[in-house]
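The values are calculated or read from the model by the stated rules, or taken from the named source; none is laboratory data. These numbers were taken from a predicted model, which means no experiment stands behind them. Here the Cβ positions follow ideal geometry from the backbone for every residue, glycine too, while neighbour counts run over all protein chains shown. Remember, those area values only see protein heavy atoms, side chains included, never the ligands or the DNA or RNA. Shrake-Rupley method; radii C 1.70, N 1.55, O 1.52, S 1.80 Å.
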Amino acid sequence: MVHLEFQDLLPIMARKLGGDGLINELCKGYRMLMDGDKGVITIDSLKKNSALMGLQDFSEEELKNMIREGDMDGDGALDQIEFCILMFRLSPDLLDVAQDLLHKAEQQNTVHHK
């Protein structure tokens with residue numbers, strides 16, 4: 001059985017869904033993990049909702065490290081932009097997929113303008 005890490009799934013999702021689809025899925029993931037009252041992902045909301053994203057095996061310290069790694073403004077939580085940036089940083093192969101999608105979009109744009 002092949003074991004895929006969460007970050008391994010992002011390039012697969014990007015290839016399958018395209019750029020807009022991937023952003024929509026990241027937004028859905030963010031909403032699933034965020035604290036509904038605060039509108040951000042906190043350590044408590046991440047612990048509470050982590051199983052929804054397949055993160056149930058992560059220790060509390062690993063979840064705290066995820067928050068720390070993505071928390072660019074130092075408020076101890078992740079807003080939507082910080083979450084998306086973190087997901088891209090955790091998945092270096094995603095940049096290659098993004099470049100491929102951009103190249104395809106440019107090619108389609110060139111064909112439509114001829």
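Could you please find all residues in the range 12-44 being closer than 23 Å to Met72 by Cβ, at pLDDT below 70 and of a type outside the set (A, V, I, L, M, F, W, C)? If the condition is that a residue be closer than 23 Å to Met72 by Cβ, at pLDDT below 70 and of a type outside the set (A, V, I, L, M, F, W, C), then Gly19 is the only one that fits. Does Lys64 fit the bill of being at pLDDT 90 or above, open to solvent by 40 Å² or more (accessible area, probe 1.4 Å), of a type outside the set (Phe, Trp, Tyr) and out of contact with any Leu (no Cβ under 9 Å at 6 or more places or on another chain)? Considered against the rule, which asks whether it is at pLDDT 90 or above, open to solvent by 40 Å² or more (accessible area, probe 1.4 Å), of a type outside the set (Phe, Trp, Tyr) and out of contact with any Leu (no Cβ under 9 Å at 6 or more places or on another chain), Lys64 comes out as no. Figure legend. Inter-residue proximity from the range 45-62: first residues within 19 Å of Ala77 (Cβ to Cβ), second residues assigned to a loop (DSSP other than H, G, I, E, B) and acidic (Asp, Glu), beta-carbon distance below 7 Å, spacing 6+ or different chains. No pairs are indicated. Listed by first and then second residue, the pairs linking a residue in the range 66-80 that is closer than 14 Å to Asp35 by Cα and of a type in the set (D, E, K, R) to a residue that is at pLDDT 95 or above and surrounded by 19 or more Cβ atoms within 10 Å (Cβ to Cβ), with Cβ atoms under 7 Å apart and 6 or more places separating them unless they lie on different chains, are Asp79/Val40. Arg31 meets the conditions (1) touching a residue at least 12 places away in the same chain (Cβ under 8 Å); (2) open to solvent by 30 Å² or more (accessible area, probe 1.4 Å) in every case but one. The failed one is (1).
Within the range 34-59, which residues are open to solvent by 60 Å² or more (accessible area, probe 1.4 Å) and of a type outside the set (A, V, I, L, M)? Please lay out each step first, then the result.
From the range 34-59, those open to solvent by 60 Å² or more (accessible area, probe 1.4 Å) are 36-38, 44, 47-48, 51-52, 56-58; that's our starting set.
Correct list: Gly36, Asp37, Lys38, Asp44, Lys47, Lys48, Gln56, Asp57, Phe58.
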